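Everything below concerns the one structure shown next.
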Amino acid sequence: MAEEKNLFKIAQLQLDEAAKFLKLEPKLHKLLREPMRVFKANLKIKMDSGKTKTFSAFRVQYNDARGPCKGGIRYHPEETLDTVKALAAWMTWKCATVGIPYGGAKGGVVCNPKELSILELEKISRAYIRAFWKYVGPDIDVPAPDVYTSGREMAWMLDEYEKIVGHKSPAMITGKPLALGGSLGRDAATGYGTVICIREAAKHLKIDLKKSTAAIQGAGNVGGWTAKLLQEKFGTKIMAISDSKCAIYSENGLNVEKALAHKEKIGQLHGFMGTKCITNEQLLELEVDVLVPAAMENQITKENTRRLNCKILAEAANGPTTKEADGILKRTKIFQIPDFLCNAGGVTTSYLEWVQNRMGYYWKLDEVNSKLDEVMTKAFWDVTNFAGKNKIPMRVAAYALAVQKVAEAMKLRGLA
Ligand code: GLU
């Protein structure tokens, strides 16, 4: 049978496994298998060439029983509604896992940012808000950055929203630039949260990170910060890091800061001094203590799982591991930090940003990071202890805890 690669089907199968463990009422299980609301729009944009082009856009609000919906917006040429639905489901479980008072959502635009000018990207971002502004807002649904979007897009979106509603509303979106009410620490937060999980996993497994090696797939916001912080905070040797073109490898370990500066300068990691180029597939199979898939989904599959050679698999990307791969992983000694726990640092600091926006009072970096650390550390041990106690895989444990919380909120509201 062909391996399931549809992310939404994978998300549903994962939920089914947790529902079975929890003996979840069938009615509730059925409700949680589907998103609550799905919005679609066609964004008509006048391109730099003068021609008009239409881009499909989505916003999926998966569940809001625990609070306003929350989740990023991706710009990707291969975006599909099913992908957005899966990512919105994972946001629901992610917010519940770390205990922040949000439901889950996700947005997407089918476009290739690499082929768009800055003006075209601005038009798409503003058009996205014009299409969905009624359905977002500080108490309704709070977007944020994701793959190929950043503070720049958030600034355009905030500006468009405020123009429409006629007043300032910084808490309607997170991951904003500091000058528009963003939070210190938000930029690094997903990587920071991943590193906190790796730190705790290393304690759990009695691994000394100072004497350890790591390979990072992805050099975007998440991969870049994870690599940098692992090296800076713990002295972990980073053996390889990749972008979409190639992975650079050095048997002596590489200087992450310099490698990222090289990428910034010439647009790719390839050619960074003292490294050789390997493929993304080879990177995943390197013998390292910590492997961090921090790029796209469906990277760890039934085909390559048996060749993984790591002790800790820190899933910093959303959905990097297929269901079949999970099945193989649970029979190995690899300690898996499931995606919606591992990468929850981003949304946790988004929450701290939203809180600061609503107070109109802003914290210092140390304060933000220590709150993030507290939330992530607690979530890590909640999941790890639950998995240990019940002898179930980490992903099933994370799901069980999260689904229980969402189910409780639904029952209290009389929704189930
Ligand atoms: N896009 C990030 C994620 O997948 C952050 C979401 C947010 O900050 O709302 O977790």
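Before moving on, here are some points about what is shown:
- Candidates Lys85, Lys206, Lys228, ranked by Gaussian network fluctuation over the chain, Cα under 10 Å, top entry: Lys206
- Cα-based convex hull volume of region 172-279 per residue, rounded to whole Å³: 119 Å³
- Here the convex hull built on the C-alpha positions of region 115-175 has a volume of 76 cubic angstrom per residue.
- Positive minus negative residues near Lys206 (Lys, Arg vs Asp, Glu; Cβ under 14 Å): +3
- Projected onto its three principal axes, the C-alpha set of region 9-80 covers 57, 24, 17 Å, listed from the longest axis down.
- In region 43-188, the C-alpha radius of gyration followed by the widest Cα-Cα span (Dmax) gives 14.6, 48 angstrom.
- Burial order of peptide ranges 137-148, 159-170, 395-406 (average beta-carbon count within 10 Å, highest first): 395-406, 137-148, 159-170
- Listed residues Leu31, Leu15, Leu313, most fluctuating in the chain (Gaussian network, C-alpha, under 10 Å): Leu31
- Using the rule -39500 (n - 2.57) for each DSSP H run of four or more residues, divided by the residues of the chain, the 222 nm mean residue ellipticity is -14500 deg cm²/dmol.
- Counting only the Cα atoms, the chain fills a convex hull of 140 Å³ per residue.
- Each of Cys342, Cys246 has some number of other Cβ atoms within 10 Å of its Cβ, and from fewest to most they run Cys246, Cys342.
- Simple spin-label estimate for Glu251 and Glu367 gives 5.1 nm between the two label positions (7 Å along the Cα-to-Cβ direction from each Cα).
- Candidate lysines - alpha carbon under 25 Å from Lys389, same-chain residues fewer than 8 apart omitted: Lys20, Lys23, Lys94, Lys203, Lys206, Lys311, Lys323, Lys330, Lys333, Lys378, Lys405
- Placing one equal scatterer on every Cα of region 241-358 and applying the Debye formula, the log10 ratio I(q)/I(0) at q = 0.18 Å⁻¹ is -0.98.
- Among Asp326, Asp373, the ranking by other beta carbons within 10 Å of each residue's beta carbon, starting with the fewest, stands as Asp373, Asp326.
- Comparing mean-square fluctuations of Lys311, Lys70, Lys364 from a GNM of the chain with C-alpha springs under 10 Å, the top value falls on Lys364.
- Largest first, the three principal axis extents of the alpha carbons in region 305-401 are 50, 26, 20 Å in whole numbers.
- Taken about its Cα centre, the chain carries a charge dipole of roughly 660 debye when the Cβ of each Lys and Arg holds +1 and the Cβ of each Asp and Glu holds -1.
- For region 206-224 versus region 1-52, the inter-centroid distance based on Cα atoms is 30 Å.
- Each residue in Ser350, Ser370, Ser49 was given a count of other beta-carbon atoms within 10 angstrom of its own, and listing them fewest first yields Ser49, Ser370, Ser350.
- Bridge orientation summary for region 37-168: considering DSSP beta bridges with both residues in this region, about 65 percent are antiparallel.
- Within-10-Å neighbourhood charge of Leu230 [Cβ basis; K, R +1; D, E -1]: +3
- Given their separation in residues at 0.36 nm each and the Cα-Cα distance between them, His204 and Gln282 gain 25.3 nm when the chain is fully extended.
The numbers here are math on the coordinates, done by the rules we state, and not lab data. Quick caveat, the model's predicted, so the values are computed rather than measured. Glycine gets a Cβ as well: all are built from the backbone with ideal geometry, and neighbour counts include every protein chain shown.
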